[in-house]
Amino acid sequence: MMASHRVRHACGGWTLAGEVMVGVVGCPHGPSAVPPTLRRLPGPQLIVAARYTSSPVGPYLEMAVVEPARFGSRPGMCATTMVVDSAESRAAGRGKWGFPKELGTLGASLRIGEGRPPPGFSSSSE
């Protein structure tokens, strides 16, 4: 299942505008990147691809893997892997919110909102 939406969202003093695509993927219970302070829950992972056209650090691309997890008695989702193509986004994401952002190269062929999955969307961590 995939969904594609144009988004405008204010987050912690940030206003983000752009497009996002979310894919739901099944995941066998193997090694998990959920931090030790959380407990991995059963269920699918989310793969999130985003193209932010406006943010406090300028435009950037982002790809993330999100896993179901529990903090104490509260179930939720945990971003376990994130790649961005902007050093400023990496610094802000890590420093302000503790996201596991890494700087990498994301395919420029990200085309969200055209009624089909993005062709050739790929990433490589630097």
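Annotations for the structure displayed:
- One residue from 120, 58, 43, 76 being modelled with pLDDT of 90 or more, of a type outside the set (Ser, Thr, Tyr) and not in a strand (DSSP E or B): 58
- Residue pairs meeting the criteria (Cβ under 7 Å; at least 6 apart or on separate chains; first at positive phi and buried (at least 16 other Cβ atoms within 10 Å of the Cβ), in region 14-25; second assigned to a strand (DSSP E or B) and among the β-branched types (Val, Ile, Thr)): 18/7; 18/53
- Residue satisfying condition, being surrounded by fewer than 17 Cβ atoms within 10 Å (Cβ to Cβ), modelled with pLDDT under 95 and not aromatic (Phe, Trp, Tyr), within set 98, 93: 98
- Residue within region 25-36 that is in a strand (DSSP E or B) and modelled with pLDDT under 90 present: yes
The values are calculated or read from the model by the stated rules, or taken from the named source; none is laboratory data. On a predicted model such as this, the values are computed, not experimentally measured, just so you know. Backbone-built Cβ (ideal geometry, glycine too); neighbour counts: all protein chains shown.
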